[in-house]
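The values are calculated or read from the model by the stated rules, or taken from the named source; none is laboratory data. Since the model is a prediction, treat every value here as computed from it, not as a measurement. Note: ideal-geometry Cβ built from the backbone for every residue, glycine included; neighbour counts use all protein chains shown. Quick note on the areas: whole protein, heavy atoms, side chains included, nothing else; ligands and nucleic acids left out. Shrake-Rupley method; radii C 1.70, N 1.55, O 1.52, S 1.80 Å.
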Amino acid sequence: MKEINILPADTFVVVNRTILSEKDRRLISLLYQPIIGSIATSLYYTLWSDLDRTELLSNEYTHHHLMMSLRIKMDAIVVARKKLEAVGLLKTFLKKGNVNSYVYELYSPISASEFFNHPILNIVLYNNIGKKEYEELLSYFKIPKINLSSYEELTCSFDEVFEPVAGTTYDILNEDIRVNKTGQIKLDNAFDFDLLISSVPTGVITTKTFSREVKELINNLSFVYNLDALEMKSSILNSIKENGLIDKTLLRKNVRNYYKYQNESKLPSLVYKSQPEYLRNPVGAEDKRAKMIYVFENTSPYNFLKGRSNGAKPSARDLNVLESLLNDFKLNPGVVNVLIDYVLKINDKKLTRAFLETIASQWKRLNIETVEEAMRAAEKEHKKLKKQNDVKQVNKVINNEALPEWFNQNIKKEKLSDDDEKSLKDMLKEFS
């Protein structure tokens, strides 16, 4: 969908499509915030607080109200809104006019049990917070188990307590009663079921094999493990029971084991994660360098490399390189993006693993965590290598290739031209 430019004067109302409680606030803070970040979480809470006393509908506000409440720019609000939409906490509707009008529908987070069993959210949470914190969260939400085998149940049934009596009857209409509604995670890149079915011998799959729930699970697993129909085929076939239906628990296990076998026992990587919120630059500066920093910080390494490859999906080899930088060298996603940009420019568009890992090792020792630190380190390394005449091959590459534009410190002083502004916005769209 084409992105609509939101202006501070554009209006919005908030509609509550669910029943929100303090339990929801805890779920969002503990489970969702590590995935969507603090700004998106604050946006959700701000929209929630804008509701009227009945928590059904808000007054009409302008987006300038959100900018002032959150103390951030409109671009950051749009990014935060998209994150809320992606995880099913928000739906957005637009009516165009002289002043565009938006409707923001709020939805409850899914329960802790659903979250920890979700094929996407569960894995992304694990990757974002690590094993120790994940296990602590899991323990926090677990229900204590008590052995009741030696106890006798005394619980009363309804008809033991209440008796039916004659009374006035009327038609009960409950269509407008609010219920706890959760949004769904939507994936645009659907799994190719036609390709799967055409590759399977006749009689193996029946018309009942792929129910709506099973299709949704397969689509989610395909996304989170980055597997296509043919790669998923054996896991799916091995999960079909004698009655022709798919065992969803077994399917999860088979896909996970297949992925770990293909990737040296590693779970899905962090290539889809962007720079942590607390390590980002404050939004506000308008110069060209600040805009580049924004791109590095708000783009995942997977999407950044995809954008630098003219939209082509990164190869398995390149993905392994990204996984190594993120998992083995523990570099932050924004730092990896700077490294990718630097090496592609000076190394003839090639991601040479040895070259990348040499720089990654140095940056890890220097404890480089932010995009700005990475950019300064790359600039310093470039100047150092140029002086080392005995490193002829490296000098040959560096002298013959154009350097990233952020190497020029003077761009800090440059006013961003209309063309530069458009180019950077297009780049962000390309990586989104």
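Couple of notes before you dig in:
- Shape of region 44-108, Cα gyration tensor, a/c cut at 1.5: rounded
- Residue-normalised accessible area of region 292-372, given per residue in Å² at a 1.4 Å probe: 39
- Between H64 and N5, the modelled label-to-label distance comes to 1.8 nm, taking each label 7 Å out from Cα in the direction of the beta carbon.
- Sum of side-chain charges, F329 neighbourhood, beta-carbon under 13 Å (Lys, Arg +1; Asp, Glu -1): 0
- Using the 1.4 Å probe convention, the accessible area of region 46-138 works out to 51 Å² per residue with neighbouring protein chains retained.
- Protein accessible area in region 115-163, 1.4 Å probe - carbon and sulfur %: 54
- Cleavage-rule hits, trypsin sites (Lys or Arg not before Pro), region 114-160, DSSP coil, Cβ neighbours within 10 Å at most 10: K145
- D75, D24, reordered so the largest accessible area comes first (probe 1.4 Å): D75, D24
- Of the residues I340, I4, ranked by 1.4 Å probe accessible area with the largest first, the sequence reads I4, I340.
- Heavy-atom accessible area, probed at 1.4 angstrom with all protein chains present, ranks F304, F355, F93 as F93, F355, F304, highest first.
- Here the gap between I19 and S150, fully extended at 0.36 nm per residue and compared with their Cα-Cα distance, gives a gain of 43.3 nm.
- Protein accessible area in region 14-85, 1.4 Å probe - carbon and sulfur %: 52
- Only Lys, Arg, Asp and Glu carry charge here, each on its Cβ (+1 for the first two, -1 for the last two); on that basis region 189-231 has a dipole of about 200 debye about its Cα centre.
- Here each label is just a point 7 Å from Cα along the line to Cβ, and for S199 and K142 those points are 3.9 nm apart.
- Estimated FRET transfer efficiency when R0 is 51 angstrom, pair T46-L230 (beta carbons, to 0.05): 0.70
- Couplings for region 227-233, taken from phi via the Karplus curve 6.51 cos²θ - 1.76 cosθ + 1.60 with θ = phi - 60°, read 10, 8, 4, 5, 6, 7, 3 Hz in order; Gly and Pro are left as x.
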